[in-house]
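K.L.:
Dumping the structure here so I can ask a few things about it.
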Amino acid sequence: MNEDCIVFVVDDDLRIREALVELLASYGIPAMAFGSGGEYMHADKPDMPACLLLDVELPDISGLDLQRRIAEHGHPPIVFITGHGDIPSSVRAIKNGALDFLTKPFSDADVMNAIRSAILQDRADRTVRNEMSLLKRRYLDLTPRERDVLPLVVSGLLNKQAAAQLGISEVTLQIHRRNVMQKMAATSLADLVRIAQRLEIPLTDSRRAEESDRA
Amino acid sequence: MTAERFRQYWLPAIGASTVGILLCWYLNEPFGLLAPVAAIYLYAPGRSSWWFRAVWTIALLGSVVAAAGLASGDLGHILKWTAFFTLALSIGEIIELKAPTIFGADALEAMRIVGSMPAYTWSASPDGHATYVSAGTFAYTGLQPATGGLFHLLDNAAWRRIIHPDDYSGLMDKRRESLALNIPFDTELRIRRHDGVYRWFRLFGSLSRDEKGKLAGWYGTMIDIEERKVAEEALQRNERQLQQLIDAVPASIWSTTSEGRPTYVNKRFTQMTGATLEDITAPDGSLRLSVLHPDDRDDAMATFKRSLDTGEPYFKRYRQIRSDGVYHWTETRAEPLRDHNGTVIKWYGQSVDIHASVVAQQALEQSERRLQLLVDAVPAMIWSTTPEGQPVFVNKRFMDVTGTTLADATGPDGMPTLCTIHPDYRADARRMFMEAFATGVACMKRYPQLRSDGSHRWSEVRVEPSRGENDEVLQWYAVCVDIDDEVQANEALRESERSLRQLVETLPAMIDCATPDGEPIYRSKQLRDFLGYNLEELDKEPSRLAATLDAGVHPADLQGVKDRYAHSLATGEPYARRHRLRRFDGEYRWVETRAGPMRDAAGAIVQWNVICLDIDGEMRAQEELRQAQEKLARASQAASLAELSASIAHEVNQPLAAIVANSHACQRWLTASPPNIERAHRTVERVIRDANGAADVVSRIRALFKQSGEKRNISDLSHVIAEVCDLIAEEAARRHTRIAVDVEAEVPQIAIDRVQIQQVLTNLIRNGIDAMDAAAGDKIIHVRVSCQSDDTVQISVSDLGSGVEFPDKVFQPFFSMKEQGMGMGLSICRSIIDAHGGNLWVENKSQGATFAFSLPIKSRTFAR
């Protein structure tokens, strides 16, 4: 857990900032503190698994609005901390994707658990993201022809069918197929299919394509 | 030589000569030859020859000389002979003169006859000398034969004397003419009488010529025509006058023959018609009616002819032309002039311009027609009676409307039957009419009058006399007008008014009506009962309105009411005000008075209508409500509990959360291996700090009951106070309190919690208002801001109430002198001021109390 990760603390109250940073330090987790939403958004943040501890009552923008704002860009999971704790706010925060909503004063166990979950999540998310970007990179490495071949192959068409559709010989197709497999680092066809699914490559054809179209 | 002449002259001549000769012989004197000389002289032609006269004169002279014996000898003889001739000649003349009388008996007879005639006969010699003049002439003229001249009886000189100078030349002319033309002359002239009066004579003279045709002499006679002349002149004058009359008479006069031929038109005829006698005479001499209007000519001619034939007087009216070309109506009458036999000699006619009269007549007729139409068309019934009251006329409308005629309305005695008047009112009306007729005074009556359908309708009759020159009544004239609708309308109006009045009286509201000046003229029963007195009882005051207000309106409200009311009366704006009004039992009740103007068609105010509603109960309830609200507001100024709790939570949670976090961190540091004492220390410090902060917040909240944060801003005290005054203005006005603010110029801005300080001020001001509630006189709160020293600012709130009874106890919590109120106000205020680092105290003044607080100019921290 103590591997590279970081917690961002955004609260207008200095005392809270200090206390939280201190607490996290006692747990050996590094933290960065910001006094306002704007400060957080404009700051350079290290790229590592992170958690965002966000106060609802901020001077420039409310925490919930900030949540919405940064939703478009990638952001670490949010744990809300607030002195008010009204139900509508908490519902809205969770619906918009926050991980947790804590009211002050909070116990250290609660806050640390939340942080841990957040970091874990973020780690997982990052991993997934990394994988995805890797896959994307690999996909972009494919030649256009290989990119044509890929959807046909994962659609379940036989080689000769795919070749026929593309107007190439089966042999050529096989060569392309092998390249694809290699470039996409797929261990098997099933693996390739999973990769294609993750990349959201549409099924263009299937054996039953005509039938399903007609249906 | 005629026998007569022989007899007349020769015989006497011979006889005289013989005698003469004998005498001469005897006497031896030549005088005897006188006789034959005289005879010669008798035959001598002519007379009055000048040389004859000359000779005669010389001879006369000579004889005188000889007779006187002055001459002798031959001269004497010559002279004697001269005298002798002269005498002879003279004798001849004498004889000649006397010859007729001496020598002719016929002549004498003739002379006698002539002389006895009562005419003034005369004869004259050819040269004009009178040879004979009758005795009458002499008698008339008063001339004497002897005075006429020696040798002639009357000569021209003498004629001249007796003939009027103006006529003499005329006579000469006539004589000359006569001579020239050889005709007798005949002239008229005036001859002087012996008494000097001139009388007119007609002188006839005819020439007498001898056988040879020579002028022998004049013979003539004169006739006294004086009377005739006078008469003639008178006649002429009369004629002239008559002519003038005829011409002056404003009538055209004309005459015609008995056949109708025009013979005369007077001047006026010509003047008027522009036509002369010739114009109206046809070429054949008959009458031509050219002056008549073409359309009238035939008829007039026919009528005239009938008159001519029958001899009946002629009368016609027709249009005759005027000299200006306009036709005028003319009336012509003509009558015949008859002689003693009755035969018509002439027709005399007269035409008179009746145009004006005809036109006037026509106008009169038209006017009469119109008048008649008027009398019948007027929408009123008209009747008239004699001065005694006997009906003489009813107009058409009367007859149509009432269905009665003049006959119906007149009784057998000629007096009115009054049948058109309703029987129940008849006697009274009759009495009134009779009195009017008797006294001559105009009168008026209203009664139900009969209509043609048998019904009766209310009518108003007015009767007035028409008076003559001497103010006597000539006739009575009356007009009847149907007023039934009016009467009905009035009745309805009265009824409506009655019901409205009843309505107003019974409405459960107090109603007042006033003139445009505001003077009350009517009060409804409710209002009268409330006030306890009637409208009239205030009449001793100059103005009812003023009296009412003074007597009834609460003194505190009086001025405001008067001012507003006066404003409404002046501008016409509706009036609405709430004030206290004194009831009959002395109690003042809150009322709402509303007044609205009532305007006429032109928009001018004719009346003010006022309604007064007792809202005492409402007012009290409202007041209670307001006070409760205020209390509530004061007590829970911090709005809702939820907000309060939320703010508490927030205020407290922040430091608590930090405390918790810090505590946990501390624990961690202490249980780490190795324990991080240094960091634990730091966290504990933070814990202490934050805990204190939380405690401060709690105490603040507890003290203030409000949630907003402890914001302190540099503020301008005058703004702060101004905001407070705004907030409290309405309440102050309602309670008739004025707030006077006085801020010293150099007061600096200081850091204060604006809202808190405002709360303090509000509280103090309200207290002041409450303190002056029962005070008489002006209610003023003085708020003063001043610099007390270099580092403090003082703000004081002074009132004019009764002062603070327990100045030391008053800031204690739960201490209150008021019925309502928790007594927290001042203690809270003190806390706030203390928190600001100032002081709050109270001082009693001569009148009222002053609460004052000081604030440090430099801000201090919160630390307690």
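K.L.:
Which percent of the accessible area of the range A:63-177 is formed by carbon and sulfur heavy atoms (probe 1.4 angstrom)?
P.N.:
53
K.L.:
Something else about it: Between residue B:249 and residue B:341, how high is the FRET efficiency from 1/(1 + (r/R0)^6) when r is the Cβ-Cβ distance and R₀ = 22 Å? Nearest 0.05.
P.N.:
FRET efficiency, residue B:249 to residue B:341: 0.15.
K.L.:
State the extension gain, in nm to one decimal, for the chain segment bounded by residue B:233 and residue B:406, taking 0.36 nm per residue of separation less the distance between their alpha-carbons.
P.N.:
Going from the current span to full extension adds 55.3 nm.
K.L.:
Taking the Cα atoms of the range B:231-325 alone, what are Rg (to one decimal) and Dmax (as a whole number) in Å?
P.N.:
Here Rg and the maximum Cα pair distance are 14.8, 49 Å.
K.L.:
Further question: Given DSSP loops and a limit of at most 14 other Cβ atoms within 10 Å, what is the longest stretch of chain A that contains no such trypsin sites (Lys or Arg not before Pro)?
P.N.:
Formally, the longest exposed-site-free interval is A:1-206.
K.L.:
Take the Cβ-Cβ distance between residue B:744 and residue B:677 as r, set R0 to 60 Å, and report the resulting FRET efficiency rounded to the nearest 0.05.
P.N.:
0.55
K.L.:
Once the other residues with Cβ under 13 Å from the Cβ of residue B:164 are scored (Lys, Arg +1; Asp, Glu -1), what is the net sum?
P.N.:
It works out to a net charge of +3.
K.L.:
How shielded is B:687-698 by partner chains, expressed as the average number of their Cβ atoms within 10 Å of its Cβ atoms?
P.N.:
Across B:687-698, the average partner-chain Cβ count within 10 Å equals 1.
K.L.:
In the range B:273-364, what percent of the accessible surface is made up of carbon and sulfur (1.4 Å probe, ligands and nucleic acids excluded)?
P.N.:
52
K.L.:
Let me ask something else about it. How far is it, in nm, from the label point at residue B:364 to the one at residue B:790 when both lie 7 Å from their Cα along the line to the Cβ?
P.N.:
Label at residue B:364, label at residue B:790, 12.8 nm between them.
K.L.:
Structure shown: which of B:229/B:267; B:525/B:779; B:525/B:562; A:45/A:95 lie over 30 Å apart, alpha-carbon to alpha-carbon?
P.N.:
Check vs 30 Å cut-off fails for B:525/B:779.
K.L.:
Of all GluC sites (Glu not before Pro) in the range B:433-511, which ones are in loop regions per DSSP and have a Cβ with at most 12 other Cβ atoms within 10 Å?
P.N.:
Of the GluC sites (Glu not before Pro), the ones in loops of the range B:433-511 whose Cβ has at most 12 other Cβ atoms within 10 Å are B:469, B:472.
K.L.:
Round to the nearest 0.05 the FRET efficiency obtained for residue B:471 and residue B:576 when R0 = 60 Å and r is the Cβ-Cβ distance.
P.N.:
Once rounded, the FRET efficiency stands at 0.35.
K.L.:
What's the buried accessible area, both sides, between B and A using a 1.4 Å probe, rounded to 100 Å²?
P.N.:
Accessible area lost upon association: around 1900 Å².
K.L.:
Also, I was wondering about something else. Which residues, if any, in the range A:19-47 lose at least 40 square angstrom of accessible heavy-atom surface (probe 1.4 Å) when the other protein chains sit next to their chain rather than the chain being alone?
P.N.:
A:19, A:22, A:23, A:26, A:27
K.L.:
Tell me, what is the per residue accessible area of the range B:176-234 in Å², probe radius 1.4 Å?
P.N.:
58
K.L.:
Kindly identify the range B:442-539 as rounded, prolate or oblate by the Cα gyration tensor criterion: order the square roots of the eigenvalues as a ≥ b ≥ c, call it rounded if a/c is under 1.5, otherwise compare a/b with b/c, prolate if a/b is larger, else oblate.
P.N.:
Oblate shape, in that a/c is at least 1.5 and b/c is the bigger or equal ratio.
K.L.:
Then there is this: Taking the range B:416-511, which trypsin sites (Lys or Arg not before Pro) meet the DSSP loop condition and have no more than 14 other C-beta atoms within 10 Å?
P.N.:
Answer in residue order: no site qualifies.
K.L.:
Here's something else I'd like to know. Among the chymotrypsin sites (Phe, Trp or Tyr not before Pro) within the range B:526-598, which fall in a DSSP loop and have no more than 16 other Cβ atoms within 10 Å of their own Cβ?
P.N.:
B:533, B:584
K.L.:
So what's the back-of-envelope 222 nm ellipticity for chain A, counting only DSSP H runs of four-plus at -39500 (n - 2.57) apiece and dividing by all residues, rounded to 500?
P.N.:
Rounded to the nearest 500, the figure is -17500 deg cm²/dmol.
K.L.:
Rg/Rh for the range B:313-389: what does it come to with C-alpha atoms and Rh from Kirkwood?
P.N.:
Rounded to two decimals, Rg/Rh equals 1.32.
K.L.:
Let me ask another. In nm, give the distance between the simple-model label positions of residue B:169 and residue B:297, each being 7 Å from the Cα along the Cα-to-Cβ direction.
P.N.:
Roughly 5.4 nm, to one decimal.
K.L.:
Any chance you could check the Cα centroid distance between the range A:12-79 and the range A:171-190 for me, in angstrom?
P.N.:
46
The values are calculated or read from the model by the stated rules, or taken from the named source; none is laboratory data. These numbers were taken from a predicted model, which means no experiment stands behind them. Here Cβ is always computed from backbone atoms with ideal geometry, including for glycine, and neighbour counts include all displayed protein chains. These accessible areas exclude ligands, DNA and RNA; they are computed on the full protein's heavy atoms, side chains included. Shrake-Rupley method; radii C 1.70, N 1.55, O 1.52, S 1.80 Å.
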